[in-house]
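Everything on this sheet refers to the single structure shown next.
The values are calculated or read from the model by the stated rules, or taken from the named source; none is laboratory data. Bear in mind the structure is a predicted one, so any value in this text is a computation, not a measurement. Glycine also receives a Cβ, built like all others from the backbone with ideal geometry; neighbour counts cover every protein chain displayed.
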Amino acid sequence: MESEELYKPKHKEETHSILKKLDLTCTVCNNEIDPANVNINSTLAKCNHCGSLHFLDDEEFFGRRKRNRPEMMIPEGTEVLHLPSSLDIRTNWSRGKSNGGMWFLMFFTIVWNIAIWPIAISSIMAGAFLSLLPMALHLAVGLGLMYFVLSKFINKTDIYVTDRDITITSTPLKNPFTKDVVIPTKDITQLYVTRYVSSTTNGVPNYAYALYAITDGNRRIPLIKGMNKETQLYLEQEIENFLEIDDEKVRGEVTN
């Protein structure tokens, strides 16, 4: 009985006030901690699922932000490294990308290149280089399509977050039309995920998801586009937790 009494709150009003600010989730088993197992006086909380004890002044436990949605589990193809001074997340595009329209694009890329490259190779072998000029644009499109599709299957994106900034890079195939993302974290007020039409197949829209940051002045900056919903929501959750940003509703966002 004494051990049970240890974890019972002695000041209910104070406990409820603290609970509104905390996300009382066990950092060991990720289950919700029953408020009845919290003792504000002794600054202890006990998980009734795994029995773990947590001090309320523990930064890892106390610093977790209250979220108004279910906890997102780490998705397939994502690796996370939590350090006191940084958050490092790597996502694998072959597993985390949105597949809408991807198979059609890959089929179209194969057909396009099969149709154009045998003619080009024959012209080169025959020494008729001038005949390649009318085909130059088609060859460039074929190469561009191959580069884009290949990047979706082998690329990895690194999201590196510190107290100073967020840096997002994709390797090994760089997009020549986009730059790496670097944003000072002090300017970020909120993150959210939205859905957009990435392409159409026979008139049917293919949807993908994008992670955006809202900065001071209500400026909206795209961080990552094209990942599936589960991956984007997980990235939003982890970055907001690290930066201690309270999750708030944003018009047009996707939440589940």
If you go through Lys174, Lys186, Lys229, the only one that is closer than 22 Å to Glu71 by Cα, of a type in the set (Lys, Arg) and not assigned by TED's automatic domain parsing to the domain that holds Gly144 is Lys229
Of those in the stretch 211-230 that are crowded, with 19+ Cβ neighbours inside 10 Å and of a type in the set (Gly, Ala, Ser), the residue nearest to Asp246 (Cα to Cα) is Ala213
Going through (1) exposed (fewer than 15 other Cβ atoms within 10 Å of the Cβ); (2) in contact with a strand residue (DSSP E or B) (Cβ under 9 Å, 6 or more places away or on another chain); (3) of a type in the set (A, V, I, L, M) one by one, Ile89 fails only at (1)
Of the residues that make up the stretch 100-114, is at least one assigned to a loop (DSSP other than H, G, I, E, B) and either of a type in the set (Ser, Thr, Tyr) or over 30 Å from Glu238 (Cβ atoms) (or both)? no
The lone condition Pro172 fails out of (1) touching a residue at least 12 places away in the same chain (Cβ under 8 Å); (2) surrounded by 11 or more Cβ atoms within 10 Å (Cβ to Cβ); (3) not hydroxyl-bearing (Ser, Thr, Tyr) is (2)
In the stretch 209-228, anything free of Cβ contacts under 8 Å to residues at least 12 places away in the same chain and either in contact with a helix residue (DSSP H, G or I) (Cβ under 6 Å, 6 or more places away or on another chain) or not in a strand (DSSP E or B) (or both) is listed as Gly217, Asn218
Of the conditions (1) touching a residue at least 60 places away in the same chain (Cβ under 8 Å); (2) loosely packed, with under 14 Cβ neighbours inside 10 Å, the single one that Pro134 does not satisfy is (1)
Of the residues in the stretch 175-191, those that are touching a residue at least 12 places away in the same chain (Cβ under 8 Å), not hydroxyl-bearing (Ser, Thr, Tyr) and not in a helix (DSSP H, G or I) number 9
